[in-house]
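*Asks:* I have a structure I would like to understand better, so I am pasting it below and will then ask my questions one at a time.
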Amino acid sequence: MSDEKQPRKASSVRHTRAIQRDRTKHPVATPSDEQIRERLTEIVHPATLVQVNYFHRLGLRERTLGLVVMVALVLEMIWRQISGVSEMVRIIQTEAVLWSSPKKVSQQALSQRLTSLPAEMFLKVLVAVLPIMQQRWSERERPLPSEIAWAQQHYTEVQAVDGSTLDALIRKMGLLKDLPQNPLAGKITGLLKLCSRLPSQLWYEAYPKTHDQRFWPRILAALQVGSLLIFDLGYTNFAIFAQPTLAQVKFITRAKSNLVYSLERSLVKSAAVHDSLVWIGSEDQRQLVRLVEVLYRGKWYRYMSNELDTERLPTAYLVVLYWQRWRIEDAYAVVKRLLGLAYFWCGAQNAVEMQVWATWLLYVVLIDLSDAVAEALHQPFAAISVEMVYRSLYFFTPAHHRGETDDVVAYLATNAKLLGIVKRKRKSAHPSPLEFIPPLLTSST
């Protein structure tokens, strides 16, 4: 055996530790500008007030830290990346927070509210806001990616589904201090509308190792007739695949390299593209699906769909639409890395869920703002950096105070080049599906 030191495997939680250090050490961010507060208030506050009656029906008493105030406080904590409850208490007592005036509260009172106010109240606010955001999206005019524009005309809706395990809790208080290692905070699974980049459904499980397959009943119940669903290998289940077909829902997924099948007939066959109808499964699970194989730079990529008609779903669009599945990965990156859902103020289950729903609430507000900027620039949403829109609000605040602007969308659009809001075109490490089959793509359009 060699005495040479083996290379150390890269840590998979390095980004989490970096975020945790940053959140605990950086100075408190300045208050949000009036324009940003007004935008958050306009969108979220009415939906919060609607939930007050439900709050009372649960038998919960109004207190200083009631539902309306708590929604404001939690959103402010996330938006400004405040490191913890003690920091937030100082802010509450000295500043107006969104629609809430300064209040005298203790750290103990806020900590108790994070653990006792039902997190489902935040989920209900999020659910109430989503249709409003979707309506705002539909009223705007901006270019769409060609494959998304095509799919929008041929399917009721186009959605991607995927799950993401939340990062580790910090063992600094309560029962967590005695655990041998930092526990993970749970798992979220989301259905994302690929046209608007807005979630249509979100689910949370406290057990972080919950398998993707367990979400299938909820996923199928949430889909409309005539929808197109895109998912990755983690959801592969021959016993389930017949159910979308019966529900008149089409899907596109990747096919495993060791997929066992028998050929029914070839639909397209060339040196670089194979499109075939094949039988998969056995006995009661046996079913006919479409298998598309594409050769790119010496590697075969394989996709599977229950849409058997090449006229309804041409080969080229089947491939390029699957690659839009990465948009849900982008959404998780915004939620976890940019908005900080890799750092939790409290290890209590209720507080974790509250932070999850509040972070997604801020996600949809940020996506709405980014989409408004895309419209102002006459750019597709995909060309806009959501991260730079968020970070550029730092520059908008002093400009607004100097009297140079009173419109956040106009300011971001006017200074888009300076602020890096429009993404620079870079060579991707991943192959583009558009390069796979240009002759087919041309003929199918």
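The values are calculated or read from the model by the stated rules, or taken from the named source; none is laboratory data. Just so you know, these numbers come straight off a predicted model, no measurement behind them. Quick reminder, even Gly has a Cβ in these numbers, built from the backbone with ideal geometry, and neighbours come from all protein chains shown.
*Asks:* Does Glu157 meet the test of being surrounded by fewer than 18 Cβ atoms within 10 Å (Cβ to Cβ) and at pLDDT 90 or above?
*Replies:* No.
*Asks:* Given the options Val278, Val294, name the one that is in a strand (DSSP E or B), under 33 Å from the mean Cα position of the chain (by Cα) and assigned by TED's automatic domain parsing to the domain that holds Arg325.
*Replies:* Values: Val278 fails: under 33 Å from the mean Cα position of the chain (by Cα).
Just one listed residue meets the conditions, Val294.
*Asks:* Can we say Trp345 is more than 9 Å from the chain's Cα centre (by Cα) and either under 29 Å from Glu147 (Cβ atoms) or not in a helix (DSSP H, G or I) (or both)?
*Replies:* yes
*Asks:* Specify the residue that is nearest to Glu147 (Cα to Cα); the eligible residues are those in segment 371-410 that are modelled with pLDDT under 95 and hydroxyl-bearing (Ser, Thr, Tyr).
*Replies:* The selected residue is Tyr390.
*Asks:* Just to verify a result, which residue in segment 108-153, among those that are outside any helix (DSSP H, G or I) and of a type in the set (A, V, I, L, M, F, W, C), is farthest from Leu362 (Cα to Cα)?
*Replies:* Here the residue is Leu144.
*Asks:* Moving on. Among the residues of segment 289-310, are any of a type in the set (Gly, Ala, Ser), within 30 Å of Thr48 (Cβ to Cβ) and surrounded by fewer than 16 Cβ atoms within 10 Å (Cβ to Cβ)?
*Replies:* no
*Asks:* Which one of these does Glu307 not meet: (1) outside any loop (DSSP other than H, G, I, E, B); (2) in the same structural domain as Leu192 (by TED's automatic domain parsing); (3) among the acidic types (Asp, Glu)?
*Replies:* Among (1) outside any loop (DSSP other than H, G, I, E, B); (2) in the same structural domain as Leu192 (by TED's automatic domain parsing); (3) among the acidic types (Asp, Glu), the lone unmet condition for Glu307 is (1).
Conditions (1) in the same structural domain as Thr315 (by TED's automatic domain parsing); (2) touching an Asp or Glu at 6+ places or on another chain (Cβ under 9 Å); (3) among the small types (Gly, Ala, Ser), marked per residue:
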position	(1), (2), (3)
Ile219	yes, no, no
Leu228	yes, yes, no
Phe238	yes, no, no
Phe241	yes, no, no
Arg254	yes, yes, no
Tyr261	yes, no, no
Ser282	yes, no, yes
Leu288	yes, yes, no
Gly298	yes, no, yes
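*Asks:* Can you name the condition, by its number, that Gly163 falls short on among (1) among the small types (Gly, Ala, Ser); (2) exposed (fewer than 15 other Cβ atoms within 10 Å of the Cβ); (3) modelled with pLDDT of 85 or more; (4) in contact with a Gly (Cβ under 8 Å, 6 or more places away or on another chain)?
*Replies:* Evaluating Gly163 over (1) among the small types (Gly, Ala, Ser); (2) exposed (fewer than 15 other Cβ atoms within 10 Å of the Cβ); (3) modelled with pLDDT of 85 or more; (4) in contact with a Gly (Cβ under 8 Å, 6 or more places away or on another chain) leaves (2) as the failure.
*Asks:* Determine the pairs where a residue that is more than 14 Å from Val71 (Cβ to Cβ), located within segment 342-361, has a partner that is of a type in the set (Lys, Arg) and assigned to a helix (DSSP H, G or I) with Cβ atoms under 8 Å apart, the partner being 6 or more residues away or on another chain.
*Replies:* Going by the 8 Å Cβ cut-off, the qualifying pairs are Ala342/Lys336; Tyr343/Arg23.
*Asks:* Turning to a different aspect of this structure: If you go through segment 394-420, how many residues are more than 12 Å from Val373 (Cα to Cα), surrounded by 14 or more Cβ atoms within 10 Å (Cβ to Cβ) and touching a residue at least 24 places away in the same chain (Cβ under 8 Å)? Before the answer, list the steps.
*Replies:* Pass one, segment 394-420, residues more than 12 Å from Val373 (Cα to Cα): 394-406, 417-420.
Those still in the list that are surrounded by 14 or more Cβ atoms within 10 Å (Cβ to Cβ) too: 395-397, 399-400, 405, 419-420.
Keeping just the survivors that are touching a residue at least 24 places away in the same chain (Cβ under 8 Å) gives 395-397, 400, 419-420.
Residues meeting the conditions: 6.
*Asks:* Related question: Mind telling me which of the residues Val127, Val85 ends up being at pLDDT 90 or above, of a type in the set (Val, Ile, Thr) and farther than 30 Å from Pro314 by Cα?
*Replies:* Val127
Here is a yes/no grid of residues against (1) closer than 30 Å to Val249 by Cα; (2) of a type in the set (S, T, N, Q):
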| residue | (1), (2) |
| --- | --- |
| Thr315 | yes, yes |
| Leu318 | yes, no |
| Trp326 | yes, no |
| Asp330 | yes, no |
| Phe344 | no, no |
| Ala351 | no, no |
| Trp360 | yes, no |
| Val365 | yes, no |
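*Asks:* Regarding Ser164, is this residue in a strand (DSSP E or B) and within 24 Å of Arg325 (Cβ to Cβ)?
*Replies:* Details: in a strand (DSSP E or B): yes; within 24 Å of Arg325 (Cβ to Cβ): yes.
Spelling it out, Ser164 is indeed in a strand (DSSP E or B) and within 24 Å of Arg325 (Cβ to Cβ).
*Asks:* Tell me, which residue of segment 19-38 that is in a helix (DSSP H, G or I) and among the charged types (D, E, K, R) is modelled with the lowest pLDDT?
*Replies:* Once the filter is applied, the top-ranked residue is Arg21.
*Asks:* Run Asp330 past the list (1) assigned to a helix (DSSP H, G or I); (2) modelled with pLDDT under 95 and report the number of the one that doesn't hold.
*Replies:* Status for Asp330: all satisfied but (2).
*Asks:* Follow-up question, since we're still on this one. Is segment 39-57 home to any residue that is more than 30 Å from Thr405 (Cβ to Cβ), modelled with pLDDT under 85, surrounded by 18 or more Cβ atoms within 10 Å (Cβ to Cβ) and within 24 Å of the chain's Cα centre (by Cα)?
*Replies:* No, there is no match, as no residue in segment 39-57 is more than 30 Å from Thr405 (Cβ to Cβ), modelled with pLDDT under 85, surrounded by 18 or more Cβ atoms within 10 Å (Cβ to Cβ) and within 24 Å of the chain's Cα centre (by Cα).
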